[in-house]
Amino acid sequence: MGMRTGIQQGTLDAHPGLEEALIEHGIDPHSKKILKKGSKDFRTYQALKTRAKGVEYRTYKKWKEHARLDGLDVPKEDTKGGWVKIQEGVDFRRFKQQCFDDLEKDKDGNYMCSICTGENAHPLIVQPYEEMLKYRDEMGYTISKYSKEETGRQRSAKSHKKKKSYNNIHEWTPSVDKIHDHLPHTLDNVQVICWKMNKHKGNLTLTELQDLGNWAENREIEESAGYYD
C-alpha cells in the first residue's frame, strides 16, 4: 500500500511525470492524508517534484545562487503561484532562452551538451533518484546541507571537512558555466554544459583552452601515425 500525500491535482498537472514517479516509488499521489515532513517518503516526494520541473529549473536555481555570490541583485521570485508562476517569471524565461533555446535534443527530448560532440555527444540528464540513493548508500555518503546564511567560502570549507558529502552530481549533470570567466554570472554570460566539461574547463582562459586543443590535435595525429604503439 502506498503512502498518502495529500497532493493537489494542480501540482500533478504542473509537474509532468510526477504522478508516475510517485507510484513507482510506492507513494499514492491521490490520497488525502499528508506525508509527515522529514520522513523518507516526504523527502522522496520533494526530490521527485524537483526532478519533474526539469533541468531548466534545476540550473536556473544554480544560476541564481552563483549570481548572488557574485554580488548581483537577483530578485526573489513570487512562489505564491507555485511552479506555474515561476515559469512565467521574466528571469526564468530569459534564462531558458539564453541557455536552452538553441540546444539540440535527442530522440527522448533531452537537451544535448553543446560542447560534447561526435562520439562524445550525450544528453544533459540528472541522475535518477533511485540510482542516486543506491550510489550514496553504497559509498557511505551523506547529503550536504548548508544554511542560507553561509557564504560560498564557508560552504566550501564545510565540504572539505565533511569528506563523505554527496551532492548528486555525475558527469552528465547539467551545470551553469560562465562564458567569460573574468565576468560575473550575468544572464548574458552563462551557458549550460555538462559537469564533466565544466570541471575540466575550470578557470582556463580562451587562449589556454586553444593551447589544450592544439595539444590534443597533435596527439591525435601522432597516435594515428603509430608513435604510441
Take the residues in segment 1-25 that are in a loop (DSSP other than H, G, I, E, B) and modelled with pLDDT under 80; name whichever of them is nearest to L35 (Cα to Cα). T5
Given the options T44, T59, name the one that is touching a Cys at 6+ places or on another chain (Cβ under 8 Å), crowded, with 18+ Cβ neighbours inside 10 Å and assigned to a helix (DSSP H, G or I). T59
Does segment 26-41 hold any residues that are outside any helix (DSSP H, G or I) and of a type in the set (D, E, K, R), and which are they? D28, K32, K33, K36, K37
Run L35 past the list (1) surrounded by fewer than 18 Cβ atoms within 10 Å (Cβ to Cβ); (2) touching a strand residue (DSSP E or B) at 6+ places or on another chain (Cβ under 9 Å); (3) among the aliphatic types (A, V, I, L, M) and report the number of the one that doesn't hold. (1)
Quick one: which residue in D137, D188 is at pLDDT 80 or above and of a type in the set (D, E, K, R)? D188
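The values are calculated or read from the model by the stated rules, or taken from the named source; none is laboratory data. The shown structure was predicted, so the numbers you read here are calculated from the model rather than taken from an experiment. Positions of Cβ are generated from backbone atoms using ideal geometry, with glycine treated the same way; all protein chains shown enter the neighbour counts.
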